[in-house]
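Participant: Here's a structure for you.
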Amino acid sequence: MTGGIKMKKYHLTHLVRMEHLNHHGLLYAGYIAEWLIECGYLAATGTYGSTAGMVFLKLSDMTFKKSAFKGDLVHVEAWIADLGRTSIKTYVRAINEFSGELLVDAVISFICVDENKKSKPHGLTMPKIIDQEMLQIHRRVKALAK
C-alpha cells in the first residue's frame, strides 16, 4: 500500500478469566501487554494492507492507571499515531467496558521488512490531523520519541 492513510480505530475485547490473574488477583500485566500488541498489530497491518513483512519492534511507555479483575471486559483500541520511513507507531489503550475507566495505554512500534528481514519503506503518509483526540495522541507519541 502506498499513499495517505485513513485514520481508523481498531478494537478487541477480552473477558478477564481466572487464568489471566496474577498472585494479587489482578489482571497480569503480561496478558494485557499481549492484547495491546495484538490490537496495535491489527492497526498497523490493517493500515499497511498486509500482514506480510510487518514485525513488532517496541512497546513504549506502558502505563497502568487502574486494575482489572476477574469478570471484567477489557476493551482495547488502537490507532496509527505516527509514521517513520519504515516504522508504524500505534497508540493503544485498554478501557474497562463496564466502568469506562482507562486501565492502561502505550505506544507500540512495528517495522516493515523485506523477504531478507531487512527494514524497508512502507510508502505510507500521515494525513493532516484535524480530530482533537488524534492530535493529542500524535503529540504524545512525538514527545515519547524524544
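Taken together, the values in this text are just the output of simple stated rules run on the coordinates, not laboratory data. Source: prediction; values computed, not measured. Neighbour counts run over all protein chains shown; Cβ positions are idealised from the backbone, glycine included.
Participant: How far is helix 29-48 tilted, in degrees, relative to the longest principal axis of the Cα atoms in the chain, given as a value from 0 to 90 rounded to the nearest 10?
Facilitator: Helix 29-48 sits at roughly 30 degrees to that axis.
Participant: Could I get the Rg over Rh figure for the chain? Both from C-alpha atoms, Rh via Kirkwood, rounded to two places.
Facilitator: Using Cα coordinates only, the ratio equals 0.99.
Participant: Quick one: of Lys65/Lys120; Lys66/Lys120; Lys70/Lys117; Lys8/Lys70; Lys58/Lys117; Lys66/Lys117, which pairs are farther than 28 Å apart, Cα to Cα?
Facilitator: Lys65/Lys120; Lys66/Lys120; Lys70/Lys117; Lys8/Lys70; Lys66/Lys117
Participant: Give the residues of the range 97-125 whose amide nitrogen is closer than 17 Å to a point set 7 Å from the Cα of Thr86 in the direction of its Cβ.
Facilitator: 109-124
Participant: Now a separate question. Using the Cα centre as the reference, give the magnitude of the dipole from point charges on the C-beta atoms of the range 3-145 (Lys, Arg: +1; Asp, Glu: -1; all else neutral), rounded to the nearest 20 debye.
Facilitator: With only Lys, Arg, Asp and Glu charged at Cβ, the dipole is about 480 debye.
Participant: Still on this structure: If you look at just the Cα atoms of the range 57-140, how large are its Rg and its Dmax in Å?
Facilitator: 15.3, 46
Participant: Figure the gain on full extension for Lys118 and Glu101 (residue separation times 0.36 nm, minus the Cα-Cα span) and round it to one decimal in nm.
Facilitator: Stretched fully, the Lys118-Glu101 segment lengthens by 2.1 nm.
Participant: Take every Cα pair under 8 Å in the chain that's 6+ residues apart, average their separations, divide by the length, and report that relative contact order as a whole percent.
Facilitator: After rounding, I find 29 percent.
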